[in-house]
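Visitor: Input: one structure, supplied below.
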Amino acid sequence: MDQDMMNMFAIAAGTLAIPLLLFMASFMLWPSSLIKVYYWYWRRTLGLQVRYADCGGYRFCYSHRGKPGLRPSILMLHDFSAHKDTWLPMVKYLPKHLHLLCVDMPGHEGTTRTSTDDYSVQGQVKRIRQFVEAIRLNRKPFHLVGTSMGGTVAGVYAACHPSDLYSLTLICPVGLKIQSESKFDSRMHDVEHSQYTLNIPLIPSTPEEMEEMLKLCSHVRFRVPQQILQGLVDVRIPHNDFYHEVFMEIMSENSKYALHEHMQQITTPLQVIWGKQDQVVDVSGAAVLAEALPHCRVDLLENCGHSVVMERPRQTAKLILDFIISQQSTESASTKKKS
């Protein structure tokens, strides 16, 4: 009897040990695979489903949750070299009944990448409009959110297609003429003087460079294990040539100040969210937008850097939702006065 019990415990221990050993081996040898599984699990937990939209040979990949309802649908545009899962920390704090869509930007993650595509800001705006029309999102005005590069695209989209939008949130957008120089700007001077032989700070190729990029983008200091840093780099390295191409496009003369050149044309109700300790795009950009568009709402976040969605997900979700609700209240009050 004692021998049988010992055998049973040995089998049970072995059964538990195998998945644990597999997990440890995956963590040590294939951290990038674990990162992908992590995002898949988080999407499932939050109720997001991945879908594809085909448009004349071009395919968009996006995740979505909920259905159109009383509140406007929310479309989210991520930043440079990121993907639709960038928004997961914030989605966690948004009501489940809201209709949310997070799309992979042109050429990023699951969306089609071609060598002939136009990855300038204007080119990306055209592609996002193509996506919006393909899924018929603009049958009813929707709320558009964009962060960093996605913020520039969102702002130019609002200037070019105002009838599509109910309201707009720009989070630390690039593309403005700002007098104050950020830490990233200073580093880019060195890169430009070297004729781009030095690595661009936002395109890491080693765990050490990845750690430096995270420090540059985030005021909050996250402790990231070396294996996770390696996994993050492994996921990015196959795409670094593409990221370099996109970076050069959005920094070109036609795109570098695209938001600044279009901001006077933005008539959509606008909210600007910015981290006060942003080292990539100086927070003074918020004042530039506020001066050009006096009726916009500006929310500056304390102890927060460029990665607002990662550093302050709960607060950002609340600010966006409050802004949408306030716009609906204003619209309702205006309608009552007219009647």
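The values are calculated or read from the model by the stated rules, or taken from the named source; none is laboratory data. Predicted, not measured: the structure shown is a model, and the values here were computed from it. When we count neighbours, we look across all protein chains shown, and the Cβ atoms used for this are built from the backbone with ideal geometry, even at glycine. Note: areas computed on protein heavy atoms with side chains; ligands, DNA, RNA excluded. Shrake-Rupley method; radii C 1.70, N 1.55, O 1.52, S 1.80 Å.
Visitor: Of these, 290, 286, which one is of a type in the set (A, V, I, L, M), surrounded by fewer than 22 Cβ atoms within 10 Å (Cβ to Cβ), within 20 Å of residue 260 (Cβ to Cβ) and free of Cβ contacts under 8 Å to residues at least 40 places away in the same chain? Full working, then the answer.
Guide: Values: 286 fails: surrounded by fewer than 22 Cβ atoms within 10 Å (Cβ to Cβ).
Answer to the check: 290.
Visitor: Working carefully through the options 114, 86, find the one that is polar (S, T, N, Q) and under 23 Å from residue 307 (Cα atoms).
Guide: Criteria check complete, one pass: 86.
Visitor: Within the range 40-60, restricting attention to residues that are without any contact (Cβ under 8 Å) to a residue 40 or more places away in the chain and of a type in the set (Lys, Arg), which residue is least open to solvent (accessible area, probe 1.4 Å)?
Guide: 51
Visitor: With the condition kept exactly as written, say whether any residue in the range 285-304 is modelled with pLDDT under 95 and assigned to a loop (DSSP other than H, G, I, E, B).
Guide: Yes, the range 285-304 contains a residue that is modelled with pLDDT under 95 and assigned to a loop (DSSP other than H, G, I, E, B).
Visitor: From the set of residues in the range 188-231 that are under 18 Å from residue 83 (Cβ atoms) and touching a Pro at 6+ places or on another chain (Cβ under 8 Å), which is most open to solvent (accessible area, probe 1.4 Å)?
Guide: 228
Visitor: Look at residue 235 and say whether it is of a type in the set (Val, Ile, Thr), in contact with an Asp or Glu (Cβ under 6 Å, 6 or more places away or on another chain), open to solvent by 10 Å² or more (accessible area, probe 1.4 Å) and modelled with pLDDT under 95.
Guide: no
Visitor: Also: Please note which helices (runs of 4 or more DSSP H) are completely contained in the range 174-247 and include at least 2 residues that are more than 22 Å from the chain's Cα centre (by Cα) and free of Cβ contacts under 8 Å to residues at least 24 places away in the same chain.
Guide: Those helices (runs of 4 or more DSSP H) span 183-193.
Visitor: Which of the residues belonging to the range 293-303 are closer than 22 Å to residue 166 by Cα, open to solvent by 40 Å² or more (accessible area, probe 1.4 Å) and in contact with a strand residue (DSSP E or B) (Cβ under 7 Å, 6 or more places away or on another chain)?
Guide: The answer is 297, 298.
Visitor: Identify, by number, the condition in (1) open to solvent by 50 Å² or more (accessible area, probe 1.4 Å); (2) outside any helix (DSSP H, G or I); (3) within 30 Å of residue 34 (Cβ to Cβ) that residue 279 doesn't meet.
Guide: Failing condition for residue 279: (1).
Visitor: Of the conditions (1) under 21 Å from the mean Cα position of the chain (by Cα); (2) closer than 30 Å to residue 164 by Cα; (3) without any contact (Cβ under 8 Å) to a residue 24 or more places away in the chain, residue 255 satisfies every one except a single condition; which number is it?
Guide: (3)
Visitor: Among the residues that make up the range 247-262, is at least one of them surrounded by 18 or more Cβ atoms within 10 Å (Cβ to Cβ), under 21 Å from residue 201 (Cβ atoms) and among the aromatic types (Phe, Trp, Tyr)?
Guide: yes
Visitor: Tally the residues that are hydrophobic (A, V, I, L, M, F, W, C) and under 17 Å from residue 319 (Cβ atoms), restricting the search to the range 272-287. Break it down stepwise before answering.
Guide: Filtering the range 272-287 for residues hydrophobic (A, V, I, L, M, F, W, C) gives 272-274, 280-281, 283, 286-287.
Still in the running and under 17 Å from residue 319 (Cβ atoms): 272-274, 283, 286.
Looking only at that region, the number is 5.
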